[in-house]
């Protein structure tokens, strides 16, 4: 899954699940902060976004990862999700590879 696709899906979660302004979210680029003056998420909305991402990408975001740095920018969150998706895919291929021997 490409980072562009991941970022697009994150934006769609912001619009659909958090009901944020479509124009604001679509105009955001990878450097746009998610908290405060960027997208403007508060702590509850950040948690709702994390839950939406977990559901959309079939990943788990541990509490210890829910930091200001994770939500520092759209790019930071996109890269985190890309890493988690890749790790999930790698773990599935290892399991499937082990079962096929």
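For 44, 59, what's the fewest-to-most ordering of other Cβ within 10 Å of each Cβ?
Neighbour counts put them in this order, fewest first: 44, 59.
Highest mean first, what order results for 80-90, 11-21 on Cβ atoms within 10 Å?
With the highest mean Cβ count within 10 Å placed first, the list reads 11-21, 80-90.
Per DSSP H run of n ≥ 4, the term is -39500 (n - 2.57); total these for the chain, divide by its residue number, and report the mean residue ellipticity at 222 nm rounded to 500 deg cm²/dmol.
After summing the helix terms and dividing by the residues of the chain, the value is -20000 deg cm²/dmol.
What percentage of all Cα-Cα pairs in the chain are separated by more than 19 Å?
40
Take the Cα radius of gyration of region 28-71 and divide it by 2.2 N^0.38 Å, with N its residue count; two decimals is plenty. Before the final figure, lay out the partial values.
Values: Rg = 10.6 Å, N = 44, 2.2 N^0.38 = 9.3 Å.
Computed over Cα atoms of region 28-71, the ratio equals 1.15.
Values quoted throughout were computed directly from the atomic coordinates according to the rules given, and no laboratory measurement underlies them. Since this is a predicted model, take the numbers as computed values, not measurements. Positions of Cβ are generated from backbone atoms using ideal geometry, with glycine treated the same way; all protein chains shown enter the neighbour counts.
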